[in-house]
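Notes follow the structure.
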Amino acid sequence: MLIKKKALPSPAQIRQELPLSSDGKAFIAHARRQGQLILEKKSRLFAGFIGPCSIHDPLSAIEYGARLQKLSSELRDSWFLAMRVFIEKPRTQLGWKGFLYDPHLDGSHDLTEGIRLCRKLFLKLSELQIPCACELLDPLIIDYFSDLISWGFVGARTSASPIHRQMASGAPFPVGFKNSTLGEIDTAVAAVVTSRAAHCHIGLNKEGRICSIETPGNPWTHIVLRGSDAQPNFDPKSVAEATSLLKQNGLPSSLVIDCAHGNSQKDPLRQKEVFLSAIAQASEEESAIIGVMIESHLFAGQQPVCENPQNLSYGVSITDSCLNWEETEALLRSSPMCSVQK
């Protein structure tokens, strides 16, 4: 069996090559603080994590980000909007693993170029003053981008992973853990308990050397209700059960509703129903819901990755189907949340 190994530039090398400006640092620090205040129920803002199921084209991602930033500016008194910049795709079996791993969409797996292109995209979005929300999939990758992320998420397939919980315990930003694909909420709650504690674990430093890492614990971790393969869990009963479980474990009652995945049964149009229900529940006193997540792109639907990436339609998802921009904008603008004072 032939195993190929190719050295990658270290996070320190990539950060030196593609540095974050002082203005960018200040913006990201402010966005992270806004997220912390929302989780602590000290902000009247409602969080929205809006954007493509996955990134596959920086040009359409930047265009989407610019539209989101303009809308965010107009709704700044009621919404904290962050863009979904998901550069890795977890797979139950096989499939395209994301822009980071295969940026040319041709199976060439140019990971070095993927790292550079992803960092360039994060930097461009920070210049546009768009908070970036990112799924944290491979712990070895995080230091390439950790200075550019405003909010992180751990997916349904990895919330039970001790390695990901340890990683989250040292993240300098809020991190949400999704319930499992089977709908188990206790897994995500256990992840929050674990990631709020201090840890010592093995990892890589910014120079790419194996080292011992001691983390302080992350007080801004929370759960995300994303439904299951069989049924949704955004309804009031499910939210109440999740809230009760958080309280039983001595955790703050703060959670995000994922309007896609199991909650929409992967029908993008049903995201609207989930969104409206989540907003209505969030309007109630003492609600645990502090935000929603929507899969949205410039244009609706989904297209498969093809042999010739040049033939792909611009601004259309190559993973899960998405709402288009116009539907997304109308949904956010018409939301009663714009007048809710929590």
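Going by the conditions given, is E74 open to solvent by 40 Å² or more (accessible area, probe 1.4 Å), among the acidic types (D, E) and over 30 Å from Q302 (Cβ atoms)?
no
Answer with yes or no whether D258 is open to solvent by 30 Å² or more (accessible area, probe 1.4 Å) and over 30 Å from S108 (Cα atoms).
So D258 fails the test.
Give L182, L128 a once-over and let me know the one that is among the hydrophobic types (A, V, I, L, M, F, W, C) and within 28 Å of P304 (Cβ to Cβ).
L182
How many residues does the stretch 29-55 contain that are part of a loop (DSSP other than H, G, I, E, B) and open to solvent by less than 20 Å² (accessible area, probe 1.4 Å)?
Counting residues in the stretch 29-55 that are part of a loop (DSSP other than H, G, I, E, B) and open to solvent by less than 20 Å² (accessible area, probe 1.4 Å) gives 4.
Somewhere in the stretch 179-190, is a residue over 30 Å from N249 (Cβ atoms) and modelled with pLDDT of 95 or more? Give the derivation first.
Initially, the stretch 179-190 is screened for residues over 30 Å from N249 (Cβ atoms), giving none.
Scanning the stretch 179-190, I find no residue that is over 30 Å from N249 (Cβ atoms) and modelled with pLDDT of 95 or more, so the answer is no.
State all residues of the stretch 5-28 that are surrounded by 14 or more Cβ atoms within 10 Å (Cβ to Cβ) and small (G, A, S); if no residue qualifies, say none.
First, the residues of the stretch 5-28 that are surrounded by 14 or more Cβ atoms within 10 Å (Cβ to Cβ): 8-15, 18, 20, 24-25, 27-28.
Within the stretch 5-28, S10, A12, G24 qualify.
Looking at the stretch 192-274, what strands (runs of 3 or more DSSP E) fall wholly within it and have at least 2 residues that are within 30 Å of Q16 (Cβ to Cβ)?
Values: elements: 199-204, 210-215, 221-225, 255-258.
Those strands (runs of 3 or more DSSP E) span 199-204, 210-215.
Show the residue pairs that are 6+ apart or on different chains and have beta-carbon atoms under 6 Å apart, the first residue being within the stretch 4-29 and over 13 Å from K206 (Cβ atoms), the second being modelled with pLDDT of 95 or more and part of a loop (DSSP other than H, G, I, E, B).
F27/Q129; I28/S150
Does the stretch 133-168 hold any residues that are crowded, with 24+ Cβ neighbours inside 10 Å, of a type in the set (S, T, Y) and under 28 Å from L20 (Cβ atoms), and which are they?
Selection gives Y144, S150.
Could you check how many residues of the stretch 219-253 are touching a Leu at 6+ places or on another chain (Cβ under 7 Å) and among the small types (G, A, S)?
Adding up the residues that qualify gives 4.
The values are calculated or read from the model by the stated rules, or taken from the named source; none is laboratory data. This one's a predicted model, so the numbers in the text were calculated from it and none came from an experiment. Positions of Cβ are backbone-derived with ideal geometry, glycine not excepted, and every protein chain shown enters the neighbour counts. Only protein heavy atoms, including side chains, enter the accessible area calculation; ligands, DNA and RNA are left aside. Shrake-Rupley method; radii C 1.70, N 1.55, O 1.52, S 1.80 Å.
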